[in-house]
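Please read the structure below before turning to the comments.
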Amino acid sequence: MITSTAYTDSDHGFIFQAATPHDETSVPRMRVLVDLAGRAGHERTGTTQAVSVNALADTGASRCVISKSVWTAMGGTEEQLSPSSLTLAAANNTSIPVMGEVRIKITVEDSTTHSTTTTAAVCNGTQEDMFLSKNVLLELNVLHENFPRVIEEVGSVNSAATENCPCRPR
């Protein structure tokens, strides 16, 4: 398994890679829709389309990363990428080439009210389709605001009346 490498410079980042991109058991993954986001105050431009991605939730990642294959599946082109001075490396010091950066909209597939917009690095040579950074996981409410501290219990429920409950029967 490849683990993360951290740099302190703001132009450098780090990411985590699982043993395989299909490892569903030992690493946290979630289904998200990824699409090109418009610039602030502008409609989105280009001819990209939203794609469904099984993204790796990486609380150690300083930035979101999408693979070249996801970018291509979206219909993205190199001309749509902003130049980037970001450099990424795996724990074995293997360089992960950054093609450029792009503003994307990320929506949680099973909870479409949870979405956010962020700048992601588009990389060639990563085995993962997508990495979700800690900040994005917080914005999507996947992590609580005090992560990694334990959430304190604020009360308890001994019983609940069901006669006026709007919940579907289970």
Return a yes/no flag: does segment 98-108 have any residue that is outside any strand (DSSP E or B), of a type outside the set (A, V, I, L, M), modelled with pLDDT of 90 or more and in contact with a strand residue (DSSP E or B) (Cβ under 7 Å, 6 or more places away or on another chain). no
What about THR113, is it part of a strand (DSSP E or B) and either farther than 17 Å from LEU132 by Cβ or open to solvent by 10 Å² or more (accessible area, probe 1.4 Å) (or both)? no
Kindly indicate the residue of segment 69-87 that is crowded, with 17+ Cβ neighbours inside 10 Å and touching a Ser or Thr at 6+ places or on another chain (Cβ under 7 Å) and also modelled with the lowest pLDDT among those meeting that condition. GLY76
Which pairs turn up if I take residues in segment 101-115 that are touching a residue at least 60 places away in the same chain (Cβ under 8 Å) and more than 27 Å from PRO83 (Cβ to Cβ) and look for partners that are open to solvent by 70 Å² or more (accessible area, probe 1.4 Å) and in a strand (DSSP E or B) with beta carbon separation below 7 Å, at least 6 apart in sequence or on another chain? GLU109/ARG31; ASP110/ARG31
What tally of residues in segment 120-151 results from selecting those that are exposed (fewer than 13 other Cβ atoms within 10 Å of the Cβ) and within 13 Å of VAL108 (Cα to Cα)? 0
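The values are calculated or read from the model by the stated rules, or taken from the named source; none is laboratory data. The structure presented is a predicted model; accordingly, all values stated were derived computationally and were not measured. With ideal geometry, Cβ positions are generated from the backbone for all residues, glycine too; neighbour counts draw on all protein chains shown. Accessible surface is based on the protein model in full, side chains and every heavy atom, while ligands, DNA and RNA are left aside. Shrake-Rupley method; radii C 1.70, N 1.55, O 1.52, S 1.80 Å.
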